[in-house]
1. Being free of Cβ contacts under 8 Å to residues at least 40 places away in the same chain, out of contact with any Ser or Thr (no Cβ under 7 Å at 6 or more places or on another chain) and crowded, with 16+ Cβ neighbours inside 10 Å is true for just one of B:131, B:191, B:210. Which residue is that?
2. I'm trying to understand the selection: among the residues of segment B:111-123, which are touching a residue at least 12 places away in the same chain (Cβ under 8 Å) and surrounded by fewer than 19 Cβ atoms within 10 Å (Cβ to Cβ)?
3. Is it fair to say residue A:176 is in a helix (DSSP H, G or I) and at pLDDT below 85?
4. Within segment B:32-45, track down each residue that is closer than 26 Å to residue A:94 by Cα and under 19 Å from the mean Cα position of the chain (by Cα).
5. Here's a check for you: in segment A:68-90, which residue that is out of contact with any Phe, Trp or Tyr (no Cβ under 7 Å at 6 or more places or on another chain) and assigned to a helix (DSSP H, G or I) is farthest from residue A:2 (Cα to Cα)?
6. Being assigned to a loop (DSSP other than H, G, I, E, B) and either at pLDDT below 85 or open to solvent by less than 30 Å² (accessible area, probe 1.4 Å) (or both) is the filter here; which residues of segment B:134-173 pass it?
7. So if I check each of A:32, A:46, A:37, which one is more than 10 Å from chain B (Cβ to nearest Cβ) and touching a residue at least 12 places away in the same chain (Cβ under 8 Å)?
There are 2 protein chains.
Amino acid sequence: MVSLSNGQWSTLYNVFSFGLISMLACTVYTLVSQHRVLPKYRNALVLSSMVTFIAAYHYFRIFNSFNESSAADGVTIGTAKGAFNEAYRYVDWILTVPLLLVEVIAVLSLAKAAASSLIGRLVPASAAMIALGYPGEISTVNSTKVLFGVLSTIPFLYILYVLFVELGKSLERQPEGVAATVGRLRLLLIATWGVYPISYLLPIVNKVTADTAASSFTNRQIGYTIADVLAKCVFGLTIFKIARLKSAAEGMKDDH
Amino acid sequence: MVSLSNGQWSTLYNVFSFGLISMLACTVYTLVSQHRVLPKYRNALVLSSMVTFIAAYHYFRIFNSFNESSAADGVTIGTAKGAFNEAYRYVDWILTVPLLLVEVIAVLSLAKAAASSLIGRLVPASAAMIALGYPGEISTVNSTKVLFGVLSTIPFLYILYVLFVELGKSLERQPEGVAATVGRLRLLLIATWGVYPISYLLPIVNKVTADTAASSFTNRQIGYTIADVLAKCVFGLTIFKIARLKSAAEGMKDDH
């Protein structure tokens, strides 16, 4: 049980609602804007739409779970029925993080063999990263948290290597402006994905006491939500921008 | 009544939620991606979308039923009002399993007479397979379980015969890459459908006691859910891939 102040409770309630509608609006926007890019880039937009759709579902569940697990004396946390179900985030990530990486490959429209090879490495690595994080997240033993934190970092570093070194080679052949935008996309990815391990590490380095439990819980939920909106909505809109740049470079009329 | 630990309860709650959103996202994806294949293959995608749509509905019901049949001391099972309604799975399968088989025939776009003949045998056989399994599933008498298990296996073997022997003949005339993908599709089908009889047999060969009831229930639900996601979502995406390969072989531009 975490005792939140009224201000903390109300902030989280509104932050979750903000996450839900941001994801939902982004889902519809990328779906109905497909005709503004060439057909070959539309799958990247559909994938982005699926990512935010899956996230919208989970924010709907998180919002309800937060409401239902709250009583006058605080929010029940843990894994019992009726507790705030933090695991929705992990179910979300194990579906959306691999999809986000496929989205990047799809918008670059690389040669088929290169795309298959990148997807074949990024998807299992990202699934392993999330799956290895979960046992650490639910553990209350610090040594277990550190162990799974380290294990989960290995596929994360591998993903960074693939995105920066391997993918970097293919960027040289992209039209002007695209390489710079993809560069910003990768920075956005690192900046937002960086929130998750920081949030994971905080309770380990900064021991949570009864005094700090409420602010620790509140800050973590706000951090995760902002990171999710950046990593999915802003990320998806950047993918859309790349698709527009590439479509224009390949002769699509600018007035679409 | 099955007494689940908090960890087991929470795992099932999240597994059901994972099944629900996987089915739903797949439904939307196959529906909005129709323009990426030739018109003749679009019905296969729509059928796939209907399969995952029906499954999404049932996972929504299963998720709610699990939540509502749970109390502090465990989950009520059985057929009384308020108990966890396992039968949703059978209602789902009797609709989706025949549809899945029609999906395979649709994507191959065989000659009309061959397609009608295959559908005319696969649909009744698959409906019989599910309908004969159900009396065994709800029975608590082992001899009844074995009887209906054997009866249900007869149409299952017949389906395998049709898919591997009869359908095999028509694969020789398919374009390059398609025969191999259809081969993988059949293996996926056997691997995932294999989960259901194993799950059905387990309580017969391994007598469930009060000690093992919770883990037996948990493992069965996880096994069914993973098998469903593989047999419907991954199956549907493989059907999509076959449709893309065939569309490309028949002259559809690759940039779609």
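The values are calculated or read from the model by the stated rules, or taken from the named source; none is laboratory data. Please read these numbers as outputs of a predicted model, since none were measured by experiment. Backbone-built Cβ (ideal geometry, glycine too); neighbour counts: all protein chains shown. Side chains included, ligands, DNA and RNA excluded: accessible areas come from the protein's heavy atoms. Shrake-Rupley method; radii C 1.70, N 1.55, O 1.52, S 1.80 Å.
1. On the way: B:191 fails: crowded, with 16+ Cβ neighbours inside 10 Å; B:210 fails: crowded, with 16+ Cβ neighbours inside 10 Å.
Just one listed residue meets the conditions, B:131.
2. Just the residues of segment B:111-123 that are touching a residue at least 12 places away in the same chain (Cβ under 8 Å), to begin with: B:114, B:118-119, B:121-123.
Answer for segment B:111-123, where residues must be touching a residue at least 12 places away in the same chain (Cβ under 8 Å) and surrounded by fewer than 19 Cβ atoms within 10 Å (Cβ to Cβ): B:114, B:119, B:121, B:123.
3. Numbers: in a helix (DSSP H, G or I): no; at pLDDT below 85: yes.
So residue A:176 does not fit the description; no.
4. B:45
5. Only one residue fits best here, namely A:88.
6. First, pick out the residues of segment B:134-173 that are assigned to a loop (DSSP other than H, G, I, E, B): B:139-141, B:172-173.
B:139, B:140, B:172, B:173 - these are the residues of segment B:134-173 that are assigned to a loop (DSSP other than H, G, I, E, B) and either at pLDDT below 85 or open to solvent by less than 30 Å² (accessible area, probe 1.4 Å) (or both).
7. On the way: A:32 fails: touching a residue at least 12 places away in the same chain (Cβ under 8 Å); A:46 fails: more than 10 Å from chain B (Cβ to nearest Cβ).
Only one candidate qualifies: A:37.
Residue by residue, here is whether (1) of a type outside the set (Asp, Glu); (2) out of contact with any Asp or Glu (no Cβ under 8 Å at 6 or more places or on another chain); (3) surrounded by fewer than 19 Cβ atoms within 10 Å (Cβ to Cβ) holds:
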| residue | (1), (2), (3) |
| --- | --- |
| A:202 | yes, yes, yes |
| A:217 | yes, yes, no |
| A:221 | yes, yes, no |
| A:230 | yes, yes, yes |
| A:233 | yes, yes, no |
| A:248 | yes, no, yes |
